[in-house]
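Okay, so here's the structure we're looking at.
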Amino acid sequence: MAEPQAAHLAPDPQGDGVDTEVMTINIGPHHPATHGVLRLVVDLDGEIVRDLRPVIGYVHTGIEKSCEDKSYWKVIPFVERMDYVSYFFQMEAYCGAVERLVGLEIPPRARYLRTLFLELNRIHSHLVWLGTTALDLGAISMLWYCFRERDKILDLFEMATGQRMHTRYFQVGGVIEDIPLGFEAKLREFIADMPVRVTQYQALLDRNEIFLSRTKGTGIVSRERLLDLGVTGPLLRAAGEPWDLRKAFDYLAYPEMEFKVPVGTVGDNYDRYRVRLAEMVESVRIIEQALDGLPEGPHIADDRKYVLPPRSELSTSMESLIHHFKLVTEGYRVPPGEVYYSIESPRGELGCFVVADGSSKPARVHFRDASFVNLQAFRDMAVDSYVADMIASLGMLDPILGGVDR
Amino acid sequence: MPDAPGLELIRGEIEQDHPGAVLDTSFDRDQPALVVDPDQILAVLTWLRDAPGQGYGFLSSLHAADYLPATPRFGVHYELLNRDRVERLRVKAMLDDPAAGDLPEIDSCVGLFPTAEFQEREVFDFFGIVFKGHPNLTRILLPEDYVGWPQRRDFPVGGEPVTFTFNERNYG
Amino acid sequence: MLRGTLEGEELERYVEERVVMTRFDKMLGWARANSMFPLTFGLACCAIEAPISIVTARYDLARFGAEALRASPRQADMIILSGRVSIKMAPIVRRLYDQMLEPKWAISMGACSSSGGMFANYAVVQGADKFMPIDMHIPGCPPRPEAVLYGFTKLQRKIKGNPDQGWRQRYNAVGSEEWARGGVASKPNPAAAEAYETARELIHA
C-alpha cells in the first residue's frame, strides 16, 4: 500500500493558510455500495479524486480453468455464474459459440424463445441496476419498487425453467424445455404492466432535484476515449455512439424484431440512466413481438449427436438410448477449431471464445466480459471530480464483479 | 467478415509493407484469422488500424490460449472489429515456450489500443506471457503474491476431493 | 389502577396475564435472536438473493427483527456469507469477522461458501469453514429467499438456546460433530500436511 504522496504536498493552494496533502484512501472491498467486492485505491485531494486504481480479483472463481475439465454440456452451469445478473446472456454466448463450432442450426421456435428470455433478463438486469444505484444515490425506496418487478420476472423464470436464477435453460441446439401452459398469459400481464412501472420510476427520479444535480454533468467521458478503451453497451450509447450488437450482427431472432436503440447526447451519468430506462421499454416491445410471432415447432434441434433425445423415445428406440447414454456419460465431441462469438449483454459486448481440440471437453473457454473492459473507463470518469460524483459514476457504470473477476 | 479471397487480399497488402509478417491465414467456420509473426505484431496491428480501406480500429478482445502439446504453445489472439463495415478479423501471434525459468514475450499494444491494458494484465496473470512496454504489468485477478500460471494446461485445476464415508479418513 | 381496585383472585390473574417469569439467559437469547443486526456483505450471485432480495417487500427480513443492516462490522452481529469466497477474499472475510463484536454469528449461504460449491478449483476456498466458524449452512445455488429465511429462523432458535439438534439423538449420532481444524476437538493431521508440502513443491518446481 502506498503511503500518502508527500510529493503532492501543496503548501497553501487556496491562500487561506491551510496546507493540503494528497491522501491515498482505500475503499473496499467491503463497502456499503452494493456493487460487489470492488476495491478502489483513490488519491484524494480534499474531496477531489486525483487518481483512482481499481483492484479486482476478490471474487475470482477460476471458471475458465474449471471449464476445461468438464464436458461441453456441463460447462453451461459454470459460465452462467460469471455475470450473475445476466445469466441467460452467458449461456447464449457459450451455446452460440459451440453451435458455430459444431455447425448446428437451431430451430426458429428456439431462436424466438431465446430472444424472449434474453430480453426478460435484460429487463431484470436493468431493474437490479436501477434499484441498487438509486439506493447508492440516496433514493432508497427505488430498491423496493424495482425488486417488486424483479420478483415478477423471477416468477416467470421459475415457471418456465424451475429456477429463479441460474436456470441452465439454454442448451446447445436450442432450449431445454418448451414454455409451459399459462406462461404466455402471465408474460402478457407482465408486459402490459411494465411500461407503466417504468413511467412510475421516472416519476420518482426524473424531477428529483438531488438526483438530477448528482447525475447531470458528472462522469463525462468523450466518445472517442470510450471507443479507445473498448467500452461498449449503454455507456457507449449514452455518449452518442449508436453501436448495438443486436443491430450490427444478425443473431437469434433480432433481425426480425423492430426496436429502437436509445442513444444519449452528452455522455454524463444522467444520459446513462435515461438510456437504460429507455432500453427497458424497448425490451418490452421486443418481448411482445417475440411472443406474438412465436413460431410452432421443436424447441431444440433434432441432431441426436449433440442433443438429448426426448424421454418418450427412450423406451421404444434403441438408437435413442445409445445416443442418450453417450451424451450423458462422455458427451459429444466437437471437431477441432476455435470460434469467437459475441452478443449484446446489458453491459456491453459479451464475447465467448471456445477452442475445441476434437475431444469431449473444451480446450479453452474465455469470456470477454463487458464489465471487465468497461471498468477501465472508471478512472476517466472519476478523476478531477468529487468523491460523491465518483460514487454516482460507479453506480451508472454498472459493474458486476462476477463478470469482472470470472 | 472479409471472406476468404478478401482475407488473402489483406495478406497480400500486408506482405508488401511488412514482408514475412503474416505466416498463415485461416478461414474456419466463417471466421477469418491471420497468423502473424509475434515480432511484427505491432506493425501488423497498426497497419490494420490505420491503412486506408482497412479501419479495424476497435479491439474487441485480447486473450490467449495454451495449445499444449502442440508447438508453438501459446497463442495470443487479437479480435479486431471494423465498426463501419461491421467486420471481424482475428489476428493470432503464436509464441513458443522458452527454456524453463523464462517467460514468453511479446510487444504490448497498449499504445495502439488502450483497452488492452487490463486484458494484457489478465493474460500475464494466467499464462505468464510478458508484454513488453506495458505500463503496469502485475497480477490483476489473482493475489499479487500468487505463484504459478493457472490457465496453462499443465497447471492442475486444484480444489480438493469430495469426502464421502469411504475416503473421509484420508483427508483429516 | 389504584391500590384496592382488584383484590385476591382477580389481582392474581391480572398479574399473571401481564408478568412473565423466565431465566435471564432465555430472555437474553430471545432479545438477541429477535434483534439481529446483519452486516451488508455480499460476495457473488447469492448476494442478489440475500442481502438484497430478502430485505425487499416479498421476503421481508424486517418481520424477524433483522431490518437494521449495518455497513460497519463493529455494529453488526451477524454476517451472511453470500457467495463464493475466493482465495484473495478469504483473509478479508476473516478480518471482517474478527472486527465484529461478540456475540456474533455467521451464516454460510449457498453451496459455494458452505463447501466450495461447484467450483472445486484453485481459486475458491472449499468452504468458509476452513477459516472461520460458521453457525448455519444453507444449501442451494442460490438458495431461494425462503430457504434463507428458514435458515435464519433456525439460527434464531439456536440463539435462543434450543438448537434443532434433536436428530443427533434420534439417529444415535451424538459425538459425530465435526470441528474445524483448530477447534475444540480437532487433531493435527501429519499426512495432510505432508501432502500439502509435496503439492507446493510440485508447483514451485
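The values are calculated or read from the model by the stated rules, or taken from the named source; none is laboratory data. What you are looking at is a predicted structure, and each value in this text was computed from that prediction instead of being measured. Methodologically, a virtual Cβ is constructed for each residue, glycine included, from the backbone with ideal geometry; neighbour enumeration extends over all protein chains shown.
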Here are some residues: A:V404, A:V383, A:V355, A:V373. Which one is among the aliphatic types (A, V, I, L, M), surrounded by fewer than 17 Cβ atoms within 10 Å (Cβ to Cβ) and over 21 Å from A:L252 (Cβ atoms)?
A:V383
Every listed condition ((1) modelled with pLDDT of 85 or more; (2) under 24 Å from B:Q151 (Cα atoms)) holds for B:A43 save (2)
Give me a count of the residues in the stretch A:162-186 that are within 20 Å of the chain's Cα centre (by Cα) and within 14 Å of chain C (Cβ to nearest Cβ).
6
Using the structure shown, decide if A:G230 is of a type in the set (G, A, S), in contact with a Pro (Cβ under 9 Å, 6 or more places away or on another chain) and outside any helix (DSSP H, G or I).
yes
A:A10 surrounded by fewer than 17 Cβ atoms within 10 Å (Cβ to Cβ), touching a Ser or Thr at 6+ places or on another chain (Cβ under 6 Å), modelled with pLDDT under 80 and away from chain C (no Cβ under 11 Å)
yes
Could you check the stretch B:22-57 and list, in sequence order, the residues that are assigned to a loop (DSSP other than H, G, I, E, B), surrounded by fewer than 19 Cβ atoms within 10 Å (Cβ to Cβ) and not acidic (D, E)?
B:R29, B:A51, B:P52, B:G53, B:G55, B:G57
Does the stretch B:116-137 contain any residue that is within 11 Å of chain A (Cβ to nearest Cβ) and part of a loop (DSSP other than H, G, I, E, B)?
yes
Being of a type in the set (A, V, I, L, M, F, W, C) and surrounded by fewer than 19 Cβ atoms within 10 Å (Cβ to Cβ) is the filter; apply it to the stretch A:34-51 and report the residue that is farthest from C:M89 (Cα to Cα).
A:I48
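From C:A33, C:A62, C:A47, C:A68, grab the single residue that is within 22 Å of A:V85 (Cα to Cα) and of a type in the set (G, A, S).
Every option except C:A47 fails the conditions.
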C:S186 vs. criteria outside any helix (DSSP H, G or I), modelled with pLDDT under 80 and among the hydroxyl-bearing types (S, T, Y)
yes
Out of curiosity, is C:I92 touching a residue at least 60 places away in the same chain (Cβ under 8 Å), at the interface with chain A (Cβ under 9 Å from one of its Cβ atoms), assigned to a helix (DSSP H, G or I) and β-branched (V, I, T)?
no
Taking the options C:L6, C:L28, C:L11, C:L81, name whichever one is part of a loop (DSSP other than H, G, I, E, B) and either hydrophobic (A, V, I, L, M, F, W, C) or within 30 Å of C:V124 (Cβ to Cβ) (or both).
C:L6
When you scan the stretch C:38-60, how many residues do you find that are more than 9 Å from chain A (Cβ to nearest Cβ) and either among the polar types (S, T, N, Q) or surrounded by 17 or more Cβ atoms within 10 Å (Cβ to Cβ) (or both)?
3
Which of the numbered conditions does A:A377 fail, given that it passes all the others? Conditions: (1) within 14 Å of chain B (Cβ to nearest Cβ); (2) touching a Lys or Arg at 6+ places or on another chain (Cβ under 6 Å).
(2)
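Matching residues to (1) more than 10 Å from chain C (Cβ to nearest Cβ); (2) in contact with a Pro (Cβ under 9 Å, 6 or more places away or on another chain):
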| position | (1), (2) |
| --- | --- |
| A:V49 | yes, no |
| A:I63 | no, no |
| A:I76 | yes, no |
| A:M82 | no, no |
| A:C95 | yes, no |
| A:V98 | yes, yes |
| A:G103 | yes, yes |
Going through (1) touching a strand residue (DSSP E or B) at 6+ places or on another chain (Cβ under 6 Å); (2) farther than 26 Å from A:P399 by Cα one by one, C:R23 fails only at (1)
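With C:R23, C:R63 as the choices, which residue is out of contact with any Phe, Trp or Tyr (no Cβ under 6 Å at 6 or more places or on another chain), of a type in the set (K, R), surrounded by fewer than 22 Cβ atoms within 10 Å (Cβ to Cβ) and farther than 30 Å from A:I153 by Cβ?
Details: C:R63 fails: farther than 30 Å from A:I153 by Cβ.
The unique qualifying residue is C:R23.
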Just one listed residue, out of C:K130, C:K154, is among the charged types (D, E, K, R) and either more than 14 Å from chain B (Cβ to nearest Cβ) or in contact with a Leu (Cβ under 9 Å, 6 or more places away or on another chain) (or both), and it is C:K154
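Looking at the stretch C:95-126, which of its residues are within 14 Å of chain B (Cβ to nearest Cβ) and among the aromatic types (F, W, Y)?
C:F119, C:Y122
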